[in-house]
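> Here's a structure for you.
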There are 4 protein chains.
Amino acid sequence: MTRLHVAIPVRWSDLDAHGHVNNARMFTLLEEARIAAFWGGGPASPPTAVLETGAGAEVLTLIAAQQIEYRAPIPYHREPLDVELWMGRLGGASLQVCYEVFSPVGHEPRTLYVRAATTIVLVDRDSGAPRRLPDEARAAWEPFVDEPLTFRG
Amino acid sequence: MTRLHVAIPVRWSDLDAHGHVNNARMFTLLEEARIAAFWGGGPASPPTAVLETGAGAEVLTLIAAQQIEYRAPIPYHREPLDVELWMGRLGGASLQVCYEVFSPVGHEPRTLYVRAATTIVLVDRDSGAPRRLPDEARAAWEPFVDEPLTFRG
Amino acid sequence: MTRLHVAIPVRWSDLDAHGHVNNARMFTLLEEARIAAFWGGGPASPPTAVLETGAGAEVLTLIAAQQIEYRAPIPYHREPLDVELWMGRLGGASLQVCYEVFSPVGHEPRTLYVRAATTIVLVDRDSGAPRRLPDEARAAWEPFVDEPLTFRG
Amino acid sequence: MTRLHVAIPVRWSDLDAHGHVNNARMFTLLEEARIAAFWGGGPASPPTAVLETGAGAEVLTLIAAQQIEYRAPIPYHREPLDVELWMGRLGGASLQVCYEVFSPVGHEPRTLYVRAATTIVLVDRDSGAPRRLPDEARAAWEPFVDEPLTFRG
């Protein structure tokens, strides 16, 4: 089991009027974790020309689906959340990123806040047609393939 | 089949660097639709003292789970998105809101952008214990119960 | 004195952990008001080909400066805020939009929450060079020129 | 001249449809820098019981006014922005935080993106009355008082 760990800071404005991290904002935190881990910022960094996420990219990585379970409300933490990520599936022109979001490293007891999965498809920027996952990316990401999450209900 | 329709404006800052509504921000739009439809702003408006969503509420409505399918990227629209909502399930202390998000009313062709579902649990603000859905709320929401969405994959 | 009025809805997630509209988010609400009033949505609607705010626009409208005074914390309102806007200055390649943000229409007493001003410069998308305000836009906006706001301190 | 430096990460979703950090979002980044530098996370960390920014705080730190100049559009950076902060004024029940936001450390040429100032007042959570800046906070912050920024126009 090879998972990546990414430290994701919570902003004060991520809190809602209940004083918890807002449910929608959590997907922003997952997006940051995913980019840091797999899109050029982490140890599995694939060629950035191929999977660039910026406005000028040739291949867009579109989100096709997401699923999330919130296990406990997340209070404000000055220390970054500890996000575990892995590839739940690595298909031809799509992939699934899985996440488990924990309390900051060192906090006792370690708390699982969120379990989530994001299905991503690669498409051509201009035509919108599916684009095969490049070999370099597949090679870079294969070490991080693990059992996909299953969800309640 | 009795569904509610809510008009949800998109903000310019909801767009990401691809010029599409950001995947995480979509959950903010769903949140707004849900509040407008079922939490005191819509035709099914239950007693606000019971299901108040503000900071001083006695009963918190916590998001337990969400699932979403993005069918097409959403460009900037000056007119509000057309969100259809219904209750996919009305349980003892929990419920599921289902959504289909369409292009603004009058746009041709009508486009389905997003299908989603949110599972909500009612808990006591202080103890965190589950709280039964009040009878008034159940009565108000029952007319909007319909078949829950099923998702691909 | 000819001012425009725009109704700007507050989202529940605009609130921070104090239960007030977040100070930074207020600039998002001002942005929405400005676009609705002057960029194709309001009565002074100039040619949208010229001042399009979208990703494909030839002329970018860059924010050069902003100033704001918060007069009172803004609680959650289901009804939209009432934003008054006018042009504090209409220069060669720049302009200043002024705002006063009030409680929703009908709320008593009417409360002034925010006074603000935004200085905007028009620049060429590719070269970044200043671009003169087109005559059509100037003609459309001149009726809304009024005394610019002055700020304390 | 004693200024604090804080590293503030940009999120991908902070970008707008032009591919630049959104003008309103910049105030969120300034908020994060301010909290990290002066509210318990930085070297000048005052007693957190007194100036806690969370939902349960006795003393609220309300934003009274802000001013900003945008010098250059901010593209996406994987490395955090370099924010310089200091106290432009330390009054009885109010203070002014000044900021200069630069490109990430190591980027050449070093670019000044933003100059800004925030005026903050301390008020009692319940009564709303002004509350004097505690002696401990004043002592902690005095080393960081420097010339306040002046703005164009």
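The values are calculated or read from the model by the stated rules, or taken from the named source; none is laboratory data. Quantities reported herein were computed from a predicted structural model and do not represent experimental measurements. Quick reminder, even Gly has a Cβ in these numbers, built from the backbone with ideal geometry, and neighbours come from all protein chains shown.
> Is it the case that some residue within segment C:121-128 is modelled with pLDDT under 95, at positive phi, over 12 Å from the mean Cα position of the chain (by Cα) and not basic (K, R)?
Yes, some residue in segment C:121-128 is modelled with pLDDT under 95, at positive phi, over 12 Å from the mean Cα position of the chain (by Cα) and not basic (K, R).
> Sort through A:A44, A:A37 and tell me the only one that's modelled with pLDDT under 90 and outside any loop (DSSP other than H, G, I, E, B).
Within the list A:A44, A:A37, the selection yields A:A37.
> Within the set of pairs 6+ apart or on separate chains, which have a first residue in segment C:7-33 that is more than 8 Å from every other protein chain (Cβ to nearest Cβ), a second that is outside any loop (DSSP other than H, G, I, E, B) and among the acidic types (D, E), and C-beta atoms under 6 Å apart?
Partner pairs satisfying both residue conditions: C:I8/C:E32; C:V21/C:D14.
> Restricting attention to segment A:1-30, which residues are part of a helix (DSSP H, G or I) and either touching a Pro at 6+ places or on another chain (Cβ under 6 Å) or under 16 Å from C:A24 (Cα atoms) (or both)?
Scanning segment A:1-30 gives A:W12, A:S13, A:D14, A:R25.
> Now for a separate question. Tell me, which residue of segment B:60-74 that is surrounded by fewer than 19 Cβ atoms within 10 Å (Cβ to Cβ) and either within 22 Å of B:R3 (Cα to Cα) or more than 8 Å from every other protein chain (Cβ to nearest Cβ) (or both) is modelled with the highest pLDDT?
B:R71
> Got a sec? Which of C:V145, C:V121, C:V59, C:V105 is β-branched (V, I, T) and in contact with a His (Cβ under 9 Å, 6 or more places away or on another chain)?
C:V105 is the lone residue from the list that is β-branched (V, I, T) and in contact with a His (Cβ under 9 Å, 6 or more places away or on another chain).
> Filtering segment A:1-34 down to residues that are of a type in the set (S, T, Y) and modelled with pLDDT under 95, which residue is surrounded by the most Cβ atoms within 10 Å (Cβ to Cβ)?
Applying the filter and picking the extreme gives A:S13.
> If I ask for residues that are part of a strand (DSSP E or B), more than 29 Å from A:T119 (Cα to Cα) and among the charged types (D, E, K, R), which ones from segment B:101-153 would you list?
B:D124
> What is the number of the single condition among (1) within 14 Å of chain D (Cβ to nearest Cβ); (2) crowded, with 19+ Cβ neighbours inside 10 Å; (3) out of contact with any Lys or Arg (no Cβ under 6 Å at 6 or more places or on another chain); (4) at pLDDT 80 or above that A:P80 does not meet?
(2)
> Right, something else. Filter segment B:83-115 for residues that are among the hydrophobic types (A, V, I, L, M, F, W, C) and within 17 Å of B:V21 (Cβ to Cβ) and give the result.
Answer for segment B:83-115, where residues must be among the hydrophobic types (A, V, I, L, M, F, W, C) and within 17 Å of B:V21 (Cβ to Cβ): B:V83, B:V101, B:F102, B:L112, B:V114.
> Please go through segment D:77-95 and pick out each residue that is within 11 Å of D:D146 (Cβ to Cβ) and either of a type outside the set (A, V, I, L, M) or assigned to a loop (DSSP other than H, G, I, E, B) (or both).
Within segment D:77-95, D:E84, D:W86, D:G88, D:R89 meet the criteria.
> Quick one: A:L133 ticks every box in (1) modelled with pLDDT of 90 or more; (2) closer than 23 Å to B:R71 by Cα; (3) touching a strand residue (DSSP E or B) at 6+ places or on another chain (Cβ under 7 Å) bar one, so which box is it?
Only one criterion is unmet by A:L133, namely (1).
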